[in-house]
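Read through the structure below, which is laid out as structure tokens, and then see the notes.
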Amino acid sequence: MYAQMVDTGLKQVAEATGMSPEESAFQARVDADVKVEPKDWMPEAYRRTLVRQIQQHAHSEIVGMLPEGNWVTRAPSLKRKAILMAKIQDEGGHGLYLYSAAETLGVSRDNLIDDLHAGRSKYSSIFNYPTLNWADIGAIGWLVDGAAIMNQIPLCRCSYGPYARAMVRICKEESFHQRQGFDIMLAMCRGTPEQKAMAQDSLDRWWWPSLMMFGPSDAESVHSAQSMRWKIKLLSNDELRQRFVDQTVPQAEFLGLRVPDPELRWNDERGHYDVGTIDWKEFQDVLRGHGPCNRDRIRTRTKAWEDGEWVREAAVAHARKRAERAARAAA
Ligand code: BYC
């Protein structure tokens, strides 16, 4: 598995017998569902695991603005344009809450951004796929935000206080995003045959990458066992993926769309849908930087960062002036 670019220092799940007294006390508090706060003692590997996950999550939010940003100037009506702009702005806000949560763990936002631009840190595989038609904006809201909520609702109860609290508002906003995506899909599916065909084409292209968002299968997931022990993750990658399929297939049926999986069928015995095999090679290729848009995304992000330098400088100069003025007034 392509993993562990950020070494958390752990090679196996920490067992009770090998724990120091601090580690045992820490684990007991986690087991008792007491939230871990920034000033509490925590194992270094717990801190690094959180920095790794929260920074990847924050990067996903701001890189996730790019595929949708491409459609602001081409939205089919003023109303859709206003909604899309508000959604993209929300994603930027989510990035900021998450970078702030990461900063409570002693890392600097500038360094995290540097890691993203230098390719040292990951962001969600899903944002390396192109948005080719307007229905893709519907599919992103419906499927990508839908998958994001499925994964993020349990994070509202994760063990690290600042991350859990940031997720509460994020989930509320993602829920609105998911509905606006479904609303676009519904409008297109009830529109002309050409519009319905666009919606189907979009589902065909976004279905499998959306399932990949949940990460490798449980058997291949290197971090899951320890993260679940620490309650950073409450449900496994495969459990969340299954919940997403079970929730989304009836929605596709309601839209009159066909899920692009010939092996998809309801399994009465399990009480779940069975799905075909995910193309894990494609997933790993995207993670290695060889998805359709990896280079373009990082190039666009880096340019936006460089172009925004004067804004950051102006903000710092303004803050300095205000502080000087306040100091003079206090003197
Ligand atoms: N893409 O051991 P595993 C959003 C990496 S939604 C890229 O299972 P873990 C948004 C993983 O990082 C998306 N990389 O790891 C929605 C690890 O690599 P490293 C963001 C992936 O952490 C709409 C390796 O594979 N959501 O933001 O236990 C609009 C092994 O995996 C992916 C989150 O980030 C992937 N899909 O579980 C705008 C939620 N999957 O670090 C924005 C928080 C796995 O060892 N994150 N990898 O090099 C999580 O819940 C978990 O980190 C994951 C992975 C379930 C994603």
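Quick notes
- In order along segment 222-233, phi translates into HN-Hα couplings of 6, 9, 4, 4, 5, 5, 6, 4, 8, 6, 6, 10 Hz, rounded to whole numbers, per the Karplus curve 6.51 cos²θ - 1.76 cosθ + 1.60 with θ = phi - 60° and x for Gly and Pro.
- Difference of contour (0.36 nm per residue) and Cα-Cα distance, Lys303 to Thr73: 80.9 nm
- Hz values of 3J(HN,Hα) by residue in segment 90-99 - Karplus curve (6.51, -1.76, 1.60), Gly and Pro given as x: 4, 4, x, x, 4, x, 5, 4, 6, 4
- Between Ser236 and any residue 5 or more places off or on another chain, the built amide H atoms are never under 5 Å apart.
- Among Trp310, Trp206, Trp305, sorting on how many other beta-carbon atoms sit within 10 Å of each Cβ, with the fewest leading, yields Trp310, Trp305, Trp206.
- Amide H contacts for His272 (H built 1.01 Å from N in the peptide plane; partners 5 or more residues away or on another chain; cut-off under 5 Å): Asn267.
- Cβ-based exposure ranking for Tyr273, Tyr123, in which fewest neighbours within 10 Å come first: Tyr273, Tyr123
- Cα gyration tensor shape for segment 165-265, rounded if a/c is under 1.5, else prolate or oblate: oblate
- Amide H to amide H distances under 5 Å link Tyr160 with Val36, where only residues 5 or more positions off or on other chains count and H is placed in the peptide plane.
- Segment 158-200-segment 53-120 distance, computed between alpha-carbon centres (Å): 16 Å
- The chain shape via C-alpha gyration tensor axes, a/c threshold 1.5: oblate
- Anisotropy class assigned to segment 68-152 is prolate, per the alpha carbon gyration tensor with a/c at or over the 1.5 cut-off and a/b larger than b/c.
- Ellipticity estimate at 222 nm from DSSP helix runs (n ≥ 4, -39,500 (n - 2.57)) divided over the chain, nearest 500: -19500 deg cm²/dmol
- Fewest-first sequence of Glu324, Glu282 by Cβ atoms within 10 Å of each Cβ: Glu324, Glu282
- Of Lys39/Lys233; Lys81/Lys172; Lys35/Lys233, pairs whose Cα-Cα distance is over 19 Å: Lys39/Lys233; Lys81/Lys172
- For the chain, averaging the sequence separation of C-alpha pairs within contact (under 8 Å, six or more residues apart) and dividing by the residue count gives a relative contact order of 19 percent.
- Converting phi to 3J(HN,Hα) with the Karplus coefficients 6.51, -1.76 and 1.60 and the offset θ = phi - 60°, segment 178-186 yields 4, 5, 5, x, 5, 5, 5, 4, 4 Hz in sequence order, with x at every glycine or proline.
- Segment 244-331 - Rg over Rh from alpha carbon coordinates, Kirkwood radius: 1.39
Values in this text are rule-based calculations from the coordinates and carry no lab data. Predicted, not measured: the structure shown is a model, and the values here were computed from it. Cβ: placed from backbone, ideal geometry, glycine included. Neighbour counts: every protein chain shown.
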